Amino acid sequence: MIAKIRLVARVVLFSSVTDSIHAQAPSWVATHLTPSERYYGIAHDRDGFYRPIRAGWDSLGLAVFGPAATPETSSPPYDGTHMLVTNLTPQGGFVGTNRARHFRPMT
C-alpha cells in the first residue's frame, strides 16, 4: 500500500495483491506511484488466492518482464522476470484449502 501512494525503491509481494476472490484485480491496483519495474512477486501455485494474486500482478504490469519462473527449477536472475511461483510442498504439508487445489497455470 505504501508503494501505491509513495515512490519507494523496491516492492516485494509475498502472495499478494489480493483484494478479491475473483480472477481479476480490483481497479485500485492498476494505479500506483512506484513504477512497475520496482515490483517483484512470489507466490505458491496452491495458494487458495493464486488466481487473484496473478491478476494483481498482471494489473501492476509485471508480465512485461517475462513469464513467471519456478525458483526450484531455475536460477537467478530468472530471465529477468519479476514473478516467481513455487510449487514446493511446505514443511508439514498443506493445510486448509491449499490441500485440495490443483495447479492451473495462468496464460
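Hey, G92 hits all of (1) surrounded by 11 or more Cβ atoms within 10 Å (Cβ to Cβ); (2) at positive phi; (3) at pLDDT below 95 but one; which does it fall short on?
Condition not satisfied by G92: (1).
Of everything in the stretch 45-65, what is under 25 Å from P90 (Cα atoms), open to solvent by less than 30 Å² (accessible area, probe 1.4 Å) and part of a helix (DSSP H, G or I)? Give them in sequence order.
Result: Y50, P52, I53, R54, A55, G56, W57.
Select from the stretch 29-44 the residues that are surrounded by fewer than 19 Cβ atoms within 10 Å (Cβ to Cβ) and out of contact with any Lys or Arg (no Cβ under 8 Å at 6 or more places or on another chain) and list them in ascending order.
Scanning the stretch 29-44 gives A30, P35, S36, E37, I42.
Given (1) more than 25 Å from M1 (Cβ to Cβ); (2) modelled with pLDDT under 95; (3) of a type in the set (S, T, Y), identify the lone condition not met by T70.
All conditions pass for T70, except number (2).
What do you reckon, is H82 open to solvent by less than 30 Å² (accessible area, probe 1.4 Å) and under 23 Å from A9 (Cα atoms)?
yes
The values are calculated or read from the model by the stated rules, or taken from the named source; none is laboratory data. Please read these numbers as outputs of a predicted model, since none were measured by experiment. Please note: Cβ atoms are built from the backbone with ideal geometry, for glycine as well, and neighbour counts cover all protein chains shown. Ligands, DNA and RNA are stripped out before the accessible areas are found, and what is left, the full protein with its side chains, is counted by its heavy atoms. Shrake-Rupley method; radii C 1.70, N 1.55, O 1.52, S 1.80 Å.
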